[in-house]
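The values are calculated or read from the model by the stated rules, or taken from the named source; none is laboratory data. As the structure is a computational prediction, the values presented were derived from the model and not from experiment. Here Cβ is always computed from backbone atoms with ideal geometry, including for glycine, and neighbour counts include all displayed protein chains.
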């Protein structure tokens, strides 16, 4: 099977993607898959990468892909092209399926998924709608809340609010009156805690809003919770799941816990400081709490019509013991030591088997879609 791996992307998580994709490339079954590496530059253009670059990454456990933006290797996409949809210099790459190991805007938010749907290519992960909704933290919370799932109290600021001074000032006052300090402020459509910050007073709140609005036109403000951060991996297809197929059935795995050494688990703690956090798998929680976390993770995943994979993140209030669903990440970090695969591994699903499961699920979803009518 010819499997295209997409990495990079026009997002703040470009470099994270290069590391994740490299790990996938090293662990794919080379007897089963012929890997076609495609790098997405920061300007959004796709480039076919060389066999030499693939070999370099596969031969070095610490290596990460570097994207060569060779104009002669520019990838063009033909809507409806199916296996011939991806073309370089007039020649089809003959791609059977796509594994998009990409994060953030223009990649994880339904844009890439829509492009691959138009090309009629099977791909790993959530579909267009689920990808788009889950990228928007506010809309995700609206759906969860309407389905009775517990979320942290929040307000949403928009660029329209900022453009109306009276409305903006009134909303700021309301948030402070309702929640007090501290507050967490983050862009609605960014990942890896980019643009996120904690505000302990009115001045910091104003600065945090300004920073978040540099990354997005919608900003989420949440009441700060004195919380433990617990995560749970989920795989499967919420719409067409077949319990007889391990790759299709929606399943939650062993929860893990983030133990940050920073004030909160921000971008620096995640990616720049090697001692920014400890990862504990399984999480130090009792059987009852574990059961609740896994059940909530499956529900959170299912009501959003997710497929493929997601990591569902939780807060457990240290004071009250209350459990809140924080966020969902539909293309989580995917190195062999990332939380998502490690939680799956703790439940008995190894990294290489996880990759195979996700590809099998993608192919099943694609074949199921082909059976649906598109005209009479």
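List of remarks:
- Residues located in the range 219-247, provided they are in a strand (DSSP E or B) and crowded, with 20+ Cβ neighbours inside 10 Å: 219, 220, 221, 222, 230, 231, 232, 233, 234, 235, 236, 237
- Cβ pairs under 8 Å, 6+ apart, first in the range 248-262 and free of Cβ contacts under 8 Å to residues at least 24 places away in the same chain, second buried (at least 21 other Cβ atoms within 10 Å of the Cβ): 249/236
- Of the helices (runs of 4 or more DSSP H) that lie entirely inside the range 265-376, those containing 2 or more residues that are at pLDDT 95 or above and more than 30 Å from residue 32 (Cα to Cα) span 287-302.
- Within the range 104-116, not a single residue is surrounded by 15 or more Cβ atoms within 10 Å (Cβ to Cβ), in contact with a helix residue (DSSP H, G or I) (Cβ under 9 Å, 6 or more places away or on another chain), farther than 30 Å from residue 325 by Cβ and touching a residue at least 40 places away in the same chain (Cβ under 8 Å).
- Members of the range 35-58 that are more than 25 Å from the chain's Cα centre (by Cα) and touching a residue at least 12 places away in the same chain (Cβ under 8 Å): 50, 53
- Residue in the range 244-264 that is farthest from the chain's Cα centre (by Cα), counting only those that are within 22 Å of residue 226 (Cβ to Cβ) and modelled with pLDDT of 90 or more: 259
- Which listed residue is under 21 Å from residue 354 (Cβ atoms), at pLDDT 95 or above, touching a helix residue (DSSP H, G or I) at 6+ places or on another chain (Cβ under 9 Å) and surrounded by 14 or more Cβ atoms within 10 Å (Cβ to Cβ), from 77, 5: 5
- Only one of the numbered conditions (1) closer than 13 Å to residue 28 by Cβ; (2) touching a strand residue (DSSP E or B) at 6+ places or on another chain (Cβ under 9 Å) is not met by residue 353, and that is (2).
- Lone qualifier among 12, 22 - being outside the structural domain of residue 331 (by TED's automatic domain parsing), part of a helix (DSSP H, G or I) and under 25 Å from the mean Cα position of the chain (by Cα): 22
So that you can scan it fast, the table gives a plain yes or no per residue for (1) assigned by TED's automatic domain parsing to the domain that holds residue 65; (2) buried (at least 17 other Cβ atoms within 10 Å of the Cβ):
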position	(1), (2)
88	yes, yes
91	yes, no
145	no, no
164	no, no
173	no, no
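- Residue check, residue 315 in contact (Cβ under 8 Å) with a residue 12 or more places away in the chain and either under 20 Å from the mean Cα position of the chain (by Cα) or on the phi > 0 side of the Ramachandran plot (or both): yes
- Filtering 42, 32 for residues that are modelled with pLDDT of 95 or more, more than 24 Å from residue 362 (Cβ to Cβ) and either in a loop (DSSP other than H, G, I, E, B) or in contact with a helix residue (DSSP H, G or I) (Cβ under 9 Å, 6 or more places away or on another chain) (or both) leaves a single hit, 42.
- Matching option when the condition is farther than 20 Å from residue 260 by Cα and not assigned by TED's automatic domain parsing to the domain that holds residue 100, among 327, 364: 364
- Scanning the range 81-109 for residues that are modelled with pLDDT under 95 and more than 21 Å from residue 65 (Cβ to Cβ) turns up just one, 109.
- Scanning the range 48-74 for residues being outside any loop (DSSP other than H, G, I, E, B) and exposed (fewer than 14 other Cβ atoms within 10 Å of the Cβ) gives a total of 5.
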